[in-house]
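Asks: Quick one: this structure, given as structure tokens, is what I'll be asking you about.
The values are calculated or read from the model by the stated rules, or taken from the named source; none is laboratory data. Small disclaimer: the values here were computed from a predicted structure and weren't measured. Ideal geometry is used to build each Cβ from the backbone, glycine not excepted, and the neighbour counts take in all protein chains shown. Protein only, heavy atoms only, side chains kept; ligands, DNA and RNA dropped before computing areas. Shrake-Rupley method; radii C 1.70, N 1.55, O 1.52, S 1.80 Å.
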Amino acid sequence: MKSHPPDLIIYYFPQAIYENVGDVPNVVFPYAALCDAPTGRIAIYYGAADTVTCLAFAQADQLIDFIKEDAKRRRRPGLSNRCKSSHPH
């Protein structure tokens, strides 16, 4: 089980070997999310390489704050798309 900072939850790139090697290599895709309201923890189930099921966690408040800040950043002229940034892979 992984715990990721909010930016890696939103802009997640395949990193681990099981995310890069499989039926469809270099692909990750979310397919379910559950929120534990008392703790604010979100569990995100995702598929990797179309072969395995994975689970990542984030805190709801941090994720919401990141989404709001990123939306503001994207509205500023001259900034490139985050998905095309030099994010570590």
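Asks: Is it true that some residue in region 59-69 is open to solvent by less than 50 Å² (accessible area, probe 1.4 Å), under 28 Å from E19 (Cα atoms) and at pLDDT 90 or above?
Replies: yes
Asks: Would you pick out the residues in region 1-17 that are assigned to a helix (DSSP H, G or I) and modelled with pLDDT under 90?
Replies: P6, D7, L8, I9, I10
Asks: Another question about this same structure. Applying the selection to region 21-51, what residues are within 19 Å of I64 (Cβ to Cβ) and not in a strand (DSSP E or B)?
Replies: Scanning region 21-51 gives A37, P38, T39, G40.
Asks: With respect to T53, is the statement that it is among the polar types (S, T, N, Q), farther than 28 Å from N26 by Cα and at pLDDT 85 or above true?
Replies: The answer is no for T53.
Asks: Consider region 42-58. How many of its residues are in contact with a strand residue (DSSP E or B) (Cβ under 6 Å, 6 or more places away or on another chain) and surrounded by 14 or more Cβ atoms within 10 Å (Cβ to Cβ)?
Replies: Selection size over region 42-58: 10.
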